[in-house]
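Visitor: So that we are looking at the same thing, I have put the structure below in structure tokens.
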Amino acid sequence: MKKRLLLILAFITLIVLSTYIFIPAHIQLNNSILVKANSKGLYRRLQDKESLTRIFNTSMGMQLNEFVYNGFSFHIQPGIFEDIPINIKDQGITLSSLLKCFKAGNDSTGLTWRVDIETGSDPFTRLIKYFTAQQLKATIANILMNTKKFAEEEASVYGIVVKQIQVVDTLLITTKQYFKTYPSDTVVNEMVNSLKKYIAAENIKQTDPPMLNIRLASDNSYETMVAIPVNKATENEDEFIFKRMFPGRILEAEIRGVQVRLKRLLPPWTFICRTTSIRHRLYLLNR
């Protein structure tokens, strides 16, 4: 009996010593993945409620931007430059982590998620936190893979599908105005109608729907240009300016919806918009 107790005591002692030998007092988890998506676009989506709901495949928790995945609660904090702080909760314990979102080549993004875990001095707590760390590492790997699948769908990052096309309309009659506030549909329609009257008076044929380009100028006014593709060149007259587009290739995207979606696209994009009914066809000049 005494011998059996000594064996049990020796076994427990061995386990306790093993936790100190093989499990460090500080565990750092590092998960990384490469995503074929624009870094700025993906960074914005990683702080967007709707996008995060799709990535975590769950509804939001009790707090804003809090999501539960595989038993862990992830609370996404406001980002700073390339870094997004994320608090992770598990059974009353809160862990600090940092997700870095950085450019890794042309239209590629590197994601690195680091978590620091203090295992403590108590051997049993240290053992529990070790297994928690292994489970958390696998959970984060799954979340990053979900992020990759989400972000590599082009419409997920930009909200639109972009494709490259050949420029067809090279001859344009344009007019330009500056406004202190974002131009209303009424103002834009007046500009289009003035162009149409001028074209009719000059016996020029319109070949395609009108185009709209709105750009935020250096003085914070909205530079608004309307253009109508035509069948022949003409001379400039007053506010009506003839322009010729280079017959190369350009990026095109089509969205459906109201003008407010175009306003949301304005900061990261410079675009020409051609609108027919509820469809807006965008010709993207830069990203």
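The values are calculated or read from the model by the stated rules, or taken from the named source; none is laboratory data. Note that this is a predicted model, so its numbers are computed, not measured. A quick note on method: Cβ atoms are made from the backbone with ideal geometry, for glycine too, and the neighbour counts reach across all protein chains shown.
Visitor: Taking the stated definitions as given, is Pro123 modelled with pLDDT under 85 and touching a helix residue (DSSP H, G or I) at 6+ places or on another chain (Cβ under 6 Å)?
Guide: Values: modelled with pLDDT under 85: yes; touching a helix residue (DSSP H, G or I) at 6+ places or on another chain (Cβ under 6 Å): yes.
Answer is yes for this residue.
Visitor: Looking at segment 131-157 only, could you name the residues that are charged (D, E, K, R) and assigned to a helix (DSSP H, G or I)?
Guide: Lys137, Lys148, Lys149, Glu154
Visitor: I'm trying to understand the selection: among the residues of segment 175-210, which are over 23 Å from Ala233 (Cα atoms) and touching a residue at least 40 places away in the same chain (Cβ under 8 Å)?
Guide: Tyr178, Phe179, Lys180, Thr181, Tyr182, Pro183, Asp185
Visitor: Based on this model, can you work out whether Ile128 counts as in a strand (DSSP E or B) and of a type outside the set (S, T, N, Q)? Talk me through it step by step, then tell me what you get.
Guide: Details: in a strand (DSSP E or B): no; of a type outside the set (S, T, N, Q): yes.
Taking the combined requirement at face value, the residue does not satisfy it.
Visitor: Any residue in segment 35-43 that is within 18 Å of Ile140 (Cα to Cα), within 14 Å of the chain's Cα centre (by Cα) and in a strand (DSSP E or B)? Please lay out each step first, then the result.
Guide: From segment 35-43, those within 18 Å of Ile140 (Cα to Cα) are 35, 42-43; that's our starting set.
Still in the list and also within 14 Å of the chain's Cα centre (by Cα): 35, 42-43.
Narrowing the set further to residues that are in a strand (DSSP E or B) leaves 35.
Within segment 35-43, one or more residues are within 18 Å of Ile140 (Cα to Cα), within 14 Å of the chain's Cα centre (by Cα) and in a strand (DSSP E or B).
Visitor: Could you say which residue among Thr170, Thr186, Thr174, Thr181 is crowded, with 18+ Cβ neighbours inside 10 Å and either among the polar types (S, T, N, Q) or in contact with a strand residue (DSSP E or B) (Cβ under 9 Å, 6 or more places away or on another chain) (or both)? Please lay out each step first, then the result.
Guide: Working: Thr170 fails: crowded, with 18+ Cβ neighbours inside 10 Å; Thr186 fails: crowded, with 18+ Cβ neighbours inside 10 Å; Thr181 fails: crowded, with 18+ Cβ neighbours inside 10 Å.
Of the residues listed, the single one that is crowded, with 18+ Cβ neighbours inside 10 Å and either among the polar types (S, T, N, Q) or in contact with a strand residue (DSSP E or B) (Cβ under 9 Å, 6 or more places away or on another chain) (or both) is Thr174.
Visitor: When you go through (1) outside any helix (DSSP H, G or I); (2) at pLDDT 80 or above; (3) not β-branched (Val, Ile, Thr) one by one for Lys197, which number turns out not to apply?
Guide: Tallying (1) outside any helix (DSSP H, G or I); (2) at pLDDT 80 or above; (3) not β-branched (Val, Ile, Thr), Lys197 fails exactly one: (1).
Visitor: Let me ask something else about it. Closer than 18 Å to Asn31 by Cα and within 24 Å of the chain's Cα centre (by Cα): does that describe Leu99? Let's see the steps before the verdict.
Guide: Working: closer than 18 Å to Asn31 by Cα: yes; within 24 Å of the chain's Cα centre (by Cα): yes.
Answer is yes for this residue.
Visitor: Picking from Gly61, Gly79, Gly92, which residue would you name as being at pLDDT below 90, under 25 Å from Asp116 (Cα atoms) and in contact with a strand residue (DSSP E or B) (Cβ under 6 Å, 6 or more places away or on another chain)?
Guide: Numbers: Gly79 fails: in contact with a strand residue (DSSP E or B) (Cβ under 6 Å, 6 or more places away or on another chain); Gly92 fails: in contact with a strand residue (DSSP E or B) (Cβ under 6 Å, 6 or more places away or on another chain).
After ruling out the rest, the residue left standing is Gly61.
Visitor: Residues Leu285, Leu212: which one is under 23 Å from Gln166 (Cα atoms), out of contact with any helix residue (DSSP H, G or I) (no Cβ under 9 Å at 6 or more places or on another chain), among the aliphatic types (A, V, I, L, M) and modelled with pLDDT under 85? Break it down into steps so the answer makes sense when it comes.
Guide: Working: Leu212 fails: out of contact with any helix residue (DSSP H, G or I) (no Cβ under 9 Å at 6 or more places or on another chain).
On inspection, the qualifying residue turns out to be Leu285.
Visitor: Another question, then. With the requirement that a residue be closer than 29 Å to Lys36 by Cβ, among the hydrophobic types (A, V, I, L, M, F, W, C) and modelled with pLDDT under 95, what does segment 103-120 give you?
Guide: The answer is Ala104, and nothing else.
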